[in-house]
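Enquirer: Dropping the structure in here first, questions after.
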């Protein structure tokens, strides 16, 4: 099982960018497209409640299918997979584990 580091923990500047992204989504969708905005907010709630990151990403792509910049903005905040330890031919952990 691999661990993932949230992008905002790895990059202290990520939180202000995340807030700017959410604000941009709100400006574009609310109030004219309130149903879509509420779906956007619900996706985050569902993720906190246990929905997989893959499901959330797929739903974001569907929700913002006509707005690829919003999909790209969302993907900037996805967790970054932790580096995996590699094994050499002898079965011992390589330099990555040192």
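The values are calculated or read from the model by the stated rules, or taken from the named source; none is laboratory data. Quick caveat, the model's predicted, so the values are computed rather than measured. Counting neighbours? That spans all protein chains shown, and the Cβs are built from the backbone with ideal geometry, glycine included.
Enquirer: Just the residues that are under 19 Å from residue 19 (Cβ atoms) and free of Cβ contacts under 8 Å to residues at least 12 places away in the same chain, please, taken from the stretch 45-69.
Expert: Of everything in the stretch 45-69, those that are under 19 Å from residue 19 (Cβ atoms) and free of Cβ contacts under 8 Å to residues at least 12 places away in the same chain turn out to be 45, 47, 48, 64, 69.
Enquirer: Can you work out which of the residues in the stretch 30-43 that are in contact with a helix residue (DSSP H, G or I) (Cβ under 8 Å, 6 or more places away or on another chain) and closer than 20 Å to residue 79 by Cα is surrounded by the fewest Cβ atoms within 10 Å (Cβ to Cβ)?
Expert: Residue satisfying both the conditions and the ranking: 43.
Enquirer: If you don't mind, another one. State which residue is modelled with the lowest pLDDT when the search covers only the stretch 46-82 and only residues that are surrounded by fewer than 10 Cβ atoms within 10 Å (Cβ to Cβ) and part of a loop (DSSP other than H, G, I, E, B).
Expert: Among residues in the stretch 46-82 that are surrounded by fewer than 10 Cβ atoms within 10 Å (Cβ to Cβ) and part of a loop (DSSP other than H, G, I, E, B), the one modelled with the lowest pLDDT is 49.
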